[in-house]
Amino acid sequence: VDYTAVIDTSRGLEAYYAYDMGKAQTAIDAAMAELGAVKNDAGVWSFNDAPINVKFLIRNDGDGTRLSMGEYISQQMEALGFQVERKLGKSSELSPDWIGSDPLAGTWNVYTGGWGSSGLNRDERTIFQEMYLPNSAQGIPLFTENVPDPLFQEVGDKLANGVFDTLEERKDLIVE
């Protein structure tokens, strides 16, 4: 419901972040070089002479879409120059990794998790804090270890705590 209230902003973000392999390659090449990584003649990134290996947790349960999505994203990452180590499993098998591990330990890097709702929520103002801010009520290390932009923290907290006087102010915070 909130998505439709800010549709112009949503669509603008969707267009900006739309799939563009060339744009991704340019951004990744610049960032990796800045970090000191080197791409060899075969197009594979390495750091301190070791190939960069992305550890990808891929769910193989549910309706099957996460499995094909995980494989597709893995192939795209390999095309960008990363090695990808795929770990397939059901939610119950992978949750100890993404929920129970220290995200800073680097035991995994990407996960095909899912978040669903059984219906339309009229008020999702807490979702920014729940999913992206260190004061997430979920208490999952993945969320609590986030280091957000200070403005995003402020806006997420205002939304979650209802610090607005009108629906227009609330909408402006969501847009921000």
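The values are calculated or read from the model by the stated rules, or taken from the named source; none is laboratory data. Because the structure is a prediction, the values reported are computed rather than measured. Quick reminder, even Gly has a Cβ in these numbers, built from the backbone with ideal geometry, and neighbours come from all protein chains shown. Ligands, DNA and RNA are stripped out before the accessible areas are found, and what is left, the full protein with its side chains, is counted by its heavy atoms. Shrake-Rupley method; radii C 1.70, N 1.55, O 1.52, S 1.80 Å.
Within the range 128-176, the set of residues being under 18 Å from W115 (Cα atoms) and among the aromatic types (F, W, Y) comprises F128, Y132, F143.
Looking across the range 164-176, the residues that are of a type in the set (A, V, I, L, M, F, W, C) and open to solvent by less than 50 Å² (accessible area, probe 1.4 Å) come down to F164, L173, I174.
Just so you know, in the range 58-82 the residues that are open to solvent by 50 Å² or more (accessible area, probe 1.4 Å) and of a type in the set (D, E) include one that is farthest from N40 (Cα to Cα), and it is D63.
Against the conditions (1) surrounded by 15 or more Cβ atoms within 10 Å (Cβ to Cβ); (2) within 29 Å of I52 (Cβ to Cβ); (3) among the hydrophobic types (A, V, I, L, M, F, W, C), F128 satisfies every one except (2).
Taking helices (runs of 4 or more DSSP H) as the structural unit, those lying wholly within the range 1-52 and holding at least 2 residues that are touching a residue at least 24 places away in the same chain (Cβ under 8 Å) correspond to 2-5, 21-34. Every condition in (1) polar (S, T, N, Q); (2) open to solvent by less than 40 Å² (accessible area, probe 1.4 Å); (3) within 23 Å of I140 (Cα to Cα) is met by N109 except one, and the failing one is (2).
The condition of being more than 18 Å from the chain's Cα centre (by Cα), surrounded by 11 or more Cβ atoms within 10 Å (Cβ to Cβ), of a type in the set (S, T, N, Q) and more than 28 Å from P141 (Cα to Cα) holds for only one of T4, T9, that being T9.
Can you spot a residue in the range 65-87 that is touching an Asp or Glu at 6+ places or on another chain (Cβ under 6 Å) and closer than 19 Å to A31 by Cα?
Within the range 65-87, one or more residues are touching an Asp or Glu at 6+ places or on another chain (Cβ under 6 Å) and closer than 19 Å to A31 by Cα.
Can you confirm whether A37 is open to solvent by less than 80 Å² (accessible area, probe 1.4 Å), under 20 Å from the mean Cα position of the chain (by Cα) and at pLDDT 95 or above? Answer is no for this residue. Considering only residues in the range 152-163 that are open to solvent by less than 60 Å² (accessible area, probe 1.4 Å) and closer than 11 Å to R125 by Cα, the one that is nearest to the chain's Cα centre (by Cα) turns out to be G156.
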